[in-house]
Amino acid sequence: MSAAIGKTTPAAEVSSGTSSTPSTRRKTPPIGLNAKRVISKRYSLKDAKWCVIPTLFVPLDDTRLGSKDSDECMIDSIAQSWAILANTTASATSSERATQALESVEKYLIRHDDALATLFTPPFNKTRHDPGYIKGYPPGLRENGGQYSHAAMWTIFAFAKSGKGDKACDLFSLLNPINHARTLADSERYKVEPYVVAADVYSVPPHVGRGGWTWYTGAAGWMYRAGVDGILGIRREGKSLVIDPCIPSTWPGFAATINVESTRFDVQVNNVSQGNRGITQATLNGASIDCAEGSIRTALDGGTHTLKISI
């Protein structure tokens, strides 16, 4: 089983949408200098409903990437997802800010008609800033405003952590490569193997929906984790098994057999409330166990156990 997402300090701040015009194009300055500028300011939600990118890749002139006033890279999905994933409290991940950030991702970055989730928009093309190597790709290809599959999987995690099981599963289905080859026309557009995860998917004509690098194990690993850890909520933490599902409201439940550390769990989850998240009752081998926080934690003790869970 995979380990839980670590407790990482947030690298994104909420955007005010303000920026100043850079006077010159400069090479990337030392990270430490810019990092101090990022953490020294806070931005309100007064003018924008998403998070900006840290100023680690632009001149020291208060210019922000990912602001509503940016001509290119107006909004970036990584800043939105990790602003949620890096928070460890339930109130932070279900707050108005978190909701607004994910709504902005849905509005600007998830393109259902094209079956892709772009990294940011608009792509870099004419900016005077040097955001790094990604600007070397043509606009809409790979990391320059195409679908960067790592980041798309992190958005699934962010939906799940925010308790939005329907949206998490919908995005998982949209990104699932098999769904990019259900018809001959789909296959001719996608052009790559539909049984492995592509690292990227192109987002601009005439290549919209075309898969990029395949057999890309990093993206595949994150997709596996998004399904098992994020949606099914099954993860290992040290010597414990944690179960904290966030599933679609239409699911009646699910069953899973888990073998880890010589311990076996036969798990049955029943969605009696037709909700998304929040365990209300659980038994281990017929005896009630604590689920006061909406999840359960049980020891990996080398035994064989039956877990019955109600949401």
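So the values come out like this:
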read-out: Flag for His150 being more than 20 Å from the chain's Cα centre (by Cα), in the same structural domain as Leu174 (by TED's automatic domain parsing) and of a type outside the set (Gly, Ala, Ser); value: no
read-out: All positions within the range 228-250 that are free of Cβ contacts under 8 Å to residues at least 60 places away in the same chain and either touching a helix residue (DSSP H, G or I) at 6+ places or on another chain (Cβ under 8 Å) or at negative phi (or both); value: Leu232, Asp244
read-out: Residue count for the range 98-136, restricted to those that are more than 13 Å from Glu72 (Cβ to Cβ), over 22 Å from the mean Cα position of the chain (by Cα) and buried (at least 16 other Cβ atoms within 10 Å of the Cβ); value: 0
read-out: Verdict on Ile309 being touching a strand residue (DSSP E or B) at 6+ places or on another chain (Cβ under 6 Å), surrounded by fewer than 20 Cβ atoms within 10 Å (Cβ to Cβ) and either over 30 Å from Asp186 (Cβ atoms) or not assigned by TED's automatic domain parsing to the domain that holds Ala181 (or both); value: no
read-out: Tabulated pairs, the range 167-186, first more than 17 Å from Gly221 (Cβ to Cβ) and free of Cβ contacts under 8 Å to residues at least 40 places away in the same chain, second surrounded by 14 or more Cβ atoms within 10 Å (Cβ to Cβ) and of a type in the set (Gly, Ala, Ser), C-beta under 9 angstrom, 6+ apart or interchain; value: Asp186/Ala115; Asp186/Gly209
read-out: Residue in the range 153-175 that is more than 22 Å from Leu85 (Cα to Cα), touching an Asp or Glu at 6+ places or on another chain (Cβ under 8 Å) and modelled with pLDDT of 95 or more present; value: no
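Yes/no matrix, rows are residues, columns are (1) surrounded by 14 or more Cβ atoms within 10 Å (Cβ to Cβ); (2) in the same structural domain as Val260 (by TED's automatic domain parsing); (3) touching a Lys or Arg at 6+ places or on another chain (Cβ under 8 Å):
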position	(1), (2), (3)
Gly163	yes, no, yes
Asp166	yes, no, no
Ser173	no, no, no
Ala181	yes, no, no
Glu188	no, no, no
Pro205	no, no, no
Gly211	yes, no, yes
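The values are calculated or read from the model by the stated rules, or taken from the named source; none is laboratory data. Small disclaimer: the values here were computed from a predicted structure and weren't measured. Here the Cβ is made from the backbone with ideal geometry for all residues, glycine too, and neighbour counts use every protein chain on show.
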